[in-house]
Amino acid sequence: MELDTKKYLKTTHYIDHESKSIKDKVNEIIKDCSSDKEKAILIHDFVRDSILFGFNRPFYDMTASQVLEAKVGFCNNKSTLFVAMLRAANIPSRTVFVDISKEILNGIVDPPTPY
């Protein structure tokens, strides 16, 4: 059975991988790569090392290109950028969310903040 990965290459509101800034940065990062694995590792390392972890604006409302421009983002933002950059490199990818307990978020997110 063949897995249909086309939906994992589509543009969405938040995963705007066809934006010029995303495509330009991805092309710069992967220019010397010979495999998808190598591309994925370099893209991962870029997001990990170049995008500071923190809040810039409501963390649930930033497109990948906005995260790239801001150079700062919460885990949701960084994963959105990572997925967008993988898709720009023609690597099918998707976001997976996990539920974080309120005990872990205590002191980080105000209780009435929707997330």
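No lab work stands behind these numbers, since they all come straight from the coordinates. Model, not experiment: these values are computed from the prediction. Glycine also receives a Cβ, built like all others from the backbone with ideal geometry; neighbour counts cover every protein chain displayed.
Find, among the trypsin sites (Lys or Arg not before Pro) in segment 1-84, those assigned to loop by DSSP (not H, G, I, E, B) with at most 16 other beta-carbon atoms within 10 angstrom.
LYS10, LYS31, LYS71
Under 13 Å between alpha carbons: how many lysine pairs meet that in the chain, if sequence neighbours fewer than 8 apart on the same chain are excluded?
The result is 4.
Suppose R0 equals 22 Å; then what is the FRET efficiency for LYS7 and GLU103 from their Cβ-Cβ distance, rounded to the nearest 0.05?
In this case the efficiency is close to 0.05.
Taking springs between alpha-carbon atoms closer than 10 angstrom, which of THR12, THR80, THR63 fluctuates most in the Gaussian network model of the chain?
THR12
In segment 12-54, which residues have a backbone nitrogen under 20 Å from the label point lying 7 Å from CYS75's Cα in the Cα-to-Cβ direction?
Only 15, 44-54 pass the distance filter.
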